[in-house]
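The values are calculated or read from the model by the stated rules, or taken from the named source; none is laboratory data. Keep in mind that what you see is a predicted model, and the values were worked out from it rather than measured. Note that we place each Cβ from the backbone using ideal geometry, even for glycine, and neighbour counts take in every protein chain shown. The accessibility values were calculated without ligands, DNA or RNA, using every heavy atom of the protein model including side chains. Shrake-Rupley method; radii C 1.70, N 1.55, O 1.52, S 1.80 Å.
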Amino acid sequence: MTDLKSLLPEELEPVVSELGQPRFRAGQIFKWLHSGVASFDEMTDLPRALREALKERYTIYTPKAVRKQVSKQDGTIKYLWELKDGSCVESVVMRYEHGNTVCISSQVGCRTGCRFCASTIGGLVRNLEPSEMVDQVLFSQIDSGLKISNIVLMGIGEPLDNFDNVMKFLRLVSHPKGMGIGMRHISLSTCGLVEKVDKLAENQLQLTLSVSLHAPDDETRSAIMPINRAYGVEKLLDACSQYFRKTGRRISFEYAMIRGVNDTRAHAERLAEKLAGTHSHVNLILLNNVEESPFKPSTPQSLKAFVSILRQRGINVTVRRRLGGDIDASCGQLRRKAAKE
Ligand code: SAH
């Protein structure tokens, strides 16, 4: 069955035409769907006959929050959503001074196999539909009562491995008749699928691209991110420079500090060397403990030393504040826990 919430207003036009209705109805239906209605009956400005006709042909799905955890420390909210097929994904609402941000999932599971990540244990189950990504933003906002102004695609899944649906999601969520969240308020995080980074560059979107680098050399990176065997650090960084040249948007590199694995002075020196002159930004994160993983977060001393080496070399670096530490807020963990129980 056609999933109406994954369609843009112009794509809804044939749907209403087929039912003998004028085109402007498409815009009305889009607006209702993207305000989170659960049934066609709520679309009160549509003629009754049209509502009935839609009801006969289509279904509106809404995700069910099967778990909700609220951090006592900082108000971070984590949701586990159950989708129409019983699959579950997570979203996290974070409250920042610059606005409320939701971190959403792009796939059920993930096939990239990063060894420190909870989302990839068990592999990929399926891609999310565009509407299922919209729903995470929409229902996080509705349930929490917090106006969402920013989105990060940093939850479960590899967004560029679900390229077409993610592109469609971006068009839906930024549409002025829908949630209207502009590209400059959206970040997309990738493990660095090079062809897809190239393809994204062609789209010239104003979003922020975050690349999960986590190591400056092939030996270290391949040991923690199997995907690196396909492209290698050199190729990835080339694609990133190309991306910056084409879009004018600076890349943000994610770097999870893992004790004794990627956090030595030598790693910092090498990273600074590789990123010199790229105008990029490094976002350091202390590794979150994942039960199934052998890796541990770096010590505060190695984190400090790493930061100061990068700063000395003129690299723009920040250490990400940890939110929701008391609710396992790093994505993938809640889904794992629920699956085990
Ligand atoms: N697949 C995408 C987006 C999802 S993960 C990507 O790889 O970027 C979002 C970020 O969290 C990535 O930078 C990922 O490497 C990081 N991450 C995964 N597990 C982590 C953990 N245990 N501790 C800290 N960061 C983690």
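Among the residues of the stretch 37-95, which ones are acidic (D, E), part of a strand (DSSP E or B) and buried (at least 16 other Cβ atoms within 10 Å of the Cβ)?
Let us first name the residues in the stretch 37-95 that are acidic (D, E), namely 41-42, 45, 52, 56, 74, 82, 85, 90.
Still in the list and also part of a strand (DSSP E or B): 82, 90.
Once the filter is applied, which keeps residues that are acidic (D, E), part of a strand (DSSP E or B) and buried (at least 16 other Cβ atoms within 10 Å of the Cβ), the stretch 37-95 yields only E90.
Does the stretch 158-172 contain at least one residue that is open to solvent by 30 Å² or more (accessible area, probe 1.4 Å) and hydrophobic (A, V, I, L, M, F, W, C)?
no
All but one of (1) polar (S, T, N, Q); (2) under 19 Å from the mean Cα position of the chain (by Cα); (3) over 26 Å from E11 (Cα atoms); (4) not in a strand (DSSP E or B) hold for N165; which doesn't?
Checking N165 against (1) polar (S, T, N, Q); (2) under 19 Å from the mean Cα position of the chain (by Cα); (3) over 26 Å from E11 (Cα atoms); (4) not in a strand (DSSP E or B), the one that fails is (3).
Scan A256, A239, A272, A266 and give me the residue that is touching a residue at least 24 places away in the same chain (Cβ under 8 Å) and over 21 Å from the mean Cα position of the chain (by Cα).
Numbers: A256 fails: over 21 Å from the mean Cα position of the chain (by Cα); A239 fails: over 21 Å from the mean Cα position of the chain (by Cα); A266 fails: touching a residue at least 24 places away in the same chain (Cβ under 8 Å).
Testing whether each residue is touching a residue at least 24 places away in the same chain (Cβ under 8 Å) and over 21 Å from the mean Cα position of the chain (by Cα) leaves just A272.
Please enumerate the residues belonging to the stretch 237-289 that are more than 25 Å from A118 (Cβ to Cβ) and of a type in the set (D, E).
Result: D238, E269, E273.
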